[in-house]
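Asks: The structure that follows is given in the form of structure tokens.
The values are calculated or read from the model by the stated rules, or taken from the named source; none is laboratory data. Keep in mind the model is a prediction, meaning the values are calculated, not measured. Every residue, glycine among them, receives a Cβ derived from its backbone with ideal geometry; neighbour counts consider all protein chains shown. The area values use the complete protein model at the heavy-atom level, side chains included, leaving out ligands, DNA and RNA. Shrake-Rupley method; radii C 1.70, N 1.55, O 1.52, S 1.80 Å.
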Amino acid sequence: MGKLQATRRPPASGTIIFYGRPTATSASTAHSDSETSTAGGGRSVFVIDSDTSSTTLVTSDVDQINKVQNRGSSFSDINIVSSPIIQSSNPEHGLDRGKIPIRSLILPILKDVLETFQEVPYVKIVAGLVQQIVTISGEIQANRERSDELIQKVAIYARVIFESLLGFRRQHTNDFSGVEEDLMQIADVLQSIYDIMQFLATSSANSLLNRLIYRGDIAQKIAEQDRRLDTTITAFQLKSSIVLRTGTSEESNETKRSSVDGAVAPKAIRHFTGLRAKPQIMFGRNNEINIIVNALISGEGTSEFGKAYNNQRNLPPRICILGTGGIGKTTLSLSILHHRLVVEKFGTERIFVSCEAATSFELLLSEIAGALSIAASDVADDLFKTIIRHLQEGPCLLVLDNLETPWDPPQTRSEIEMLLTQITALETVTLIITMRGAQKPAGTKWTDILPPLQPVDLDSAVAIFQAIVNTTDEHAINLIRAVDCVPLAVTLIANLAAVDGETTEALWLRWQEESTAMVESGQDRLASLETSIQLSLSSPRMRRDPSALSLLSTFALLPDGISLDTIRVCEKGVPGIASFKKAISTLRQNALLYSDGHKGLRLLSPIRLFIKAHHPPPLRSRTFIFDHFIDLASQGARYNDASVRARLKREVGNINAILLDALGSSTQKNLHILVQASISFCHYVYISGAGSQHAIELSIEKLQSMKISTGIPSSSSPPSAAKSKSFWKKGSVFAKVKTIKAGTAVNEPTLKADPRLKLQADCLGCLGQVLSRQRKFDIAKEKFDLAKDIHIQIGDLLGHAYDLLNIGLLLSRDTESSEEALAVFEEAAGLHKQVNDKAGMAHDLMGAGHVLRDLYKFGESETKFSTAASLFAEMQDDSGQASALYGLGMLVVSKSRFIEAEKYFVEATQLSVNSGDIIGQAESVAGLAVTYLLRSRFSEAHDTILKALSLRDSFPNPDHLHILGRIFMAKGDMEQAETVLNRCLNQHNILGDDRGGLDDSLYLADLHLYNEDLRLAKAYAGAALTGSKATNRLLRAEAQVLWCQIALREFDTRYLNRFAWSLGIFEELECMLGQAHCLYVHGLYEMLVLNDLEAAKEDFRHALKLHDKVGNVQGKADDMNQICEILKREGSLHEALTMISEALALHIQIGDKGGQADDLYVQAGIFLAQGRFEDAESTMRTAFKMHEEVKSKYGMARDLAALSDILFRGHQNVGDGDKPEDALECIGQALRLFKEVGAAGEFFECKQQKRRMKGLKLINPRRVRLPDFDTSGEENDEYSDDDWQ
């Protein structure tokens, strides 16, 4: 049955940073005029491509169908992905009119089948016969009513066949041989039906005489073909289901593993950034490589300094590679990553993370996220949790290189060690870290197989030298010994000899002169390395190109390397460089620069640190590089521009380093611009999760440390560029941003205080939003309050308005503070209106819209969202408009207006794509999946929600996983559903999302009710009832209905008076789907408990109308199933048989095997009532197999009980007076299963049935108190006379 969709609260941190936005630049790039859209606002996806290569036969068939369609129903208003059976809300398509128009039912899909299967002859035969039967139907005059009924069934069953065949094709199944025989049998039946219909259409059949003579014969032939059609279609259903599962089992299993374990789409979407290349020169580390590789592959290794390593079997190795700078730690780790055995074991799941630019915990997370290919928009809440979840997806080898950079500072050490503890607790991660020094991080049980690296032996060092120079002599040996065989030092010296033409003798003489002072000072190996670097810097080639050292010192400011964009910028204008290309060549030839594999350049960490400490860049070069990166930071608010996003993503580490460096040395004259740049960069940090908030925090410290006047009238504009002569001379942060249309600029009043106070308040607001996104809500509230106080103090109405907006979003997290949140949003809107900030007004409206929806004030909520969408559209703000449309979509989903919701979500998705908003895109796609789910389009819902998850594959949203679990439930895959929903519940609990957890509990209760585990069903339903507060009436009403279902199963009438309250809530809140479900369950109560068939039928018919109106096919089919059960009991067998065929077709269409089994159960009962014992037995056994397949014990018990009755009556029909053992065996199994599932009423009925078969008197129901699972007294007359009927 279709249920309701949980509503999601707005993000407490806001969708964007509100402070420091370019007030004159609210617009995004306008849409291209070439883009087209449907009237509904989104591009139509209902497209039938014509195939010009089709054969003449198929083309004519399709043309004929088109002609017939043109005479019938119009399809011009359909813009959905596929055309399911009878989903229209048109009253013509309801059941009250008796029959479904045959053309509307079959012709659209017949066209698709003829186009798709033109090369499969036996499919074309079936399609052709169906087409002929449909075509001739209008010409029949004789036996019209009975013929129409048979043709109606042909159309329904043909739809079943064609949906199955198209399902094969969608699963990329090209082999149809498994169902060829069944299709040919169906074709034989269809040919017989067509022959009869053709005869009835002739003039001779219409004569009165012939109708009188052949009436009985014709009726018999129609009945015979009717039965044959039932038999062949049932066989086809079973066979096609098996073939489809068999043909796609491998794919399904892979999807199951990835969608549950990783909670994302198939694992192929997981990818990492490229590894650095394997080192070409590697000597002297074979022993270390063998030890580490052996540990990685087998979990055991042997160390020369210790005993055999015996790894904890449950955890992979955690290895530290320690040693001094230049000793070869990075080279060793890369050699291991590229080792043949390691590649065979880990494949592409090998990740290398350079931590050199990670000067803080946040920047380390950013570097890891980049290496894991976690997209900027994948992170909604916590980057740390995102990384952990991503690493949990499957086995991988992670290398953290130069980890000492973030670990060394005492203030960050505990955070780094906590991160390592979390990573090393994962069974999926094999970890290698490299660190300068000999101390390992605390808190982790490291795999103790390797001591700190020592220099390589002399022979290996000579081999390194020879690999570069191709020769050695005694002077080379002296040099190698002098640098203590440190690999990096040997490499530097060898490069000097190789590229500069300087002899080894001359190098040895220079070494002796330049190293004396350092050796005398007591330095040894470090002196060797630094002397080697200094020797490279003073080489003849470097002396001939003095600009090379200047460029190297400039590049040393960039810990994250020099990107291709930065190289191009420097080539065009870095001061003091006579020839940029020559300088680059000089540095590379001296091994002072190397390529990073992405067309960029890097300095090795020891070299960069040495250069930064001993050779600061010239002031002009420093100013140039600062200018470039501060300008790039200033573009952070323009993250909607894809090219800007790409540059920011590549330069996050460098921007952060430059901002911190510049802020550290800032003065009162330049602080304003630096803070503005930090605020702008925070916009990107906020939406991407990359980088850190350290620049904002340092900005606040700097502003607080400076003496700020509070009474100096000043404009809020930054100093002009003309007054600034330093690296921030480019002026306004927003100078390059496109302006919006005239008349929409914000009216910011002149402030009555130093503008630095405004910057301080804006920084506090930015920091509050970042903390809120990190779910540090209490600290965030403190920052917002401080920001508000300052904004009020200086008369900054705009800043004050955004403080209120953020506080309102925090309040909206709890429905108990909803009214307070609304008041705060209203106050913020008043301030935004006062300064003419339309963007702010739109955000206020959206915040209020979400709260009003949570309060079920749908009319007011819809007005808020619609107004916000109009304002965003006026400003050409695609991202904002998408958010408002998403809110509208979720609102109308609450009111069961799914087609309308689909249009909103489609348009919101396209707008999010236009603006590069991946998070918004994922949310809208997930909303689209909900509309498919609630209209029983499960395959589309499944594909769509996997797309939403793949958009954020590194951080699966638990709300999206909840939808996936619901889809698994609807498809009858309860095992997967339980796994996914339990994971959702766990994640919602971790995030403190009580509302999400309650929805998970509600559907876990429903799942366990289906699985017949009433104890767990009660536990979860009780949690949902207890947790749903008075303000969450919709959830409480649904939980009450579920509790009634549990009570029905137990035959406990104490709780069955709750329907009226729940139905009233659903009606009040305009939730048609909730009303329909409530009526369905109430109908079961009236039928099973009160035995009031007429009232039950009325409830089911009312539910049917509602399900039909909202397009919920599964609910509609379930309603029809129950109506047929009542019709069977009333003796309306023909009507019941026709309707149950339609219900079966609907359940097959949506892939609901449990529903199909329930329909076959009813159909078998109808056959039994008609005296068709063989058909009844065959159909009931099929129902049992299908219930067994979906693990429905209750369904299996019902089937067995009914089968026993069929067998018993069959024996009586043929005059077999003996008690049939097979019937008794079936009823015994049914009793056992009903007892297992706690179905007390059904258990009692089975006891009566068993006594009836054995010729014993029946028990008086009034003497039995349910639940009673006692089986004593079945074999004899232990009951008193008063107990008998």
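Asks: What trypsin sites (Lys or Arg not before Pro) in the stretch 353-454 are in a loop by DSSP, with at most 13 other Cβ atoms within 10 Å of the Cβ?
Replies: Within the stretch 353-454, the qualifying trypsin sites (Lys or Arg not before Pro) (loop, at most 13 other Cβ atoms within 10 Å) are Lys445.
Asks: While we're here: Counting pairs of Cα atoms in the stretch 772-889, how many percent are more than 24 Å apart?
Replies: Roughly 24 percent, rounded to a whole number.
Asks: Would you compute, for the Cα atoms of the stretch 1114-1163, the largest minus smallest coordinate along each principal axis and list the three values in descending order, in whole Å?
Replies: 30, 17, 13 Å, listed from the longest principal axis down.
Asks: Treat the stretch 631-696 as a sphere of radius equal to its Kirkwood radius over Cα pairs and apply Stokes-Einstein at 37 °C in a medium of 0.692 mPa s; give the translational diffusion coefficient in µm²/s, rounded to a whole number.
Replies: 283 µm²/s
Asks: Given a Förster distance of 41 angstrom, what is the FRET efficiency for Glu119 paired with Ala646, based on the Cβ-Cβ distance and rounded to 0.05?
Replies: Computed FRET efficiency for Glu119 and Ala646 comes out at 0.35.
Asks: Now for a different question. If you average 1/r over all unlike Cα pairs in the stretch 773-818 and invert the result, what Kirkwood radius do you get in angstrom?
Replies: 11.0 Å
Asks: Note the per residue figure in Å³ for the convex hull of the C-alpha positions in the stretch 540-607.
Replies: About 81 Å³ per residue, rounded to a whole number.
Asks: Let me check something: with ligands and nucleic acids excluded, how do Trp508, Trp446, Trp1061, Trp407 order by accessible area (1.4 Å probe), largest to smallest?
Replies: Final ranking, largest accessible area leading: Trp1061, Trp508, Trp446, Trp407.
Asks: Using only the alpha-carbon atoms, what does the stretch 566-665 span along each of its principal axes? Please give whole angstrom values in decreasing order.
Replies: Rounded to whole Å, the extents work out to 41, 32, 27 Å.
Asks: Would you kindly state how much longer the chain becomes between Ile990 and Ala467 on full extension, computed as 0.36 nm times their sequence separation minus their alpha carbon distance, in nm to one decimal?
Replies: Stretched out fully, the Ile990 to Ala467 stretch lengthens by 182.8 nm.
Asks: Could I ask something else about it? Hey, how much of the P(r) for the stretch 988-1062 falls beyond 20 Å, as a percent of Cα pairs?
Replies: More than 20 Å apart: 26 percent of the Cα pairs in the stretch 988-1062.
Asks: Continuing with this model, one more query. Give the whole-number value, in cubic angstrom per residue, of the convex hull volume spanned by the C-alpha atoms of the stretch 921-1034.
Replies: 104 Å³
Asks: Now for a different question. Determine the gain in length on full extension of the stretch Glu1236-Lys669; use 0.36 nm per residue of separation and subtract their C-alpha separation, reporting nm with one decimal.
Replies: 196.1 nm
Asks: For an R0 of 22 angstrom, estimate the FRET efficiency from the Cβ-Cβ distance between Glu505 and Lys582 and round to the nearest 0.05.
Replies: E between Glu505 and Lys582, to the nearest 0.05, is 0.20.
Asks: Then there's this: Report Glu344's accessible area, 1.4 Å probe, all protein chains in place, as a number in Å² to the nearest 10.
Replies: 130 Å²
Asks: Additional query: Using a Förster radius of 41 Å, what is the FRET efficiency between Thr428 and Asp661 based on their Cβ-Cβ separation? Nearest 0.05, please.
Replies: Efficiency, rounded to the nearest 0.05: 0.60.
Asks: Quick one: what does P(r) look like for the stretch 1093-1191 with 10 Å bins over all Cα pairs, in whole %?
Replies: 18, 47, 30, 4
Asks: Return the equivalent ellipsoid semi-axes of the stretch 411-504 as a descending list in whole Å, where each equals the square root of 5 times an eigenvalue of the C-alpha gyration tensor.
Replies: Equivalent-ellipsoid dimensions as semi-axes: 39, 13, 12 Å.
Asks: Principal axis extents for the stretch 334-441, Cα atoms only, whole Å, descending order, please.
Replies: 40, 38, 23
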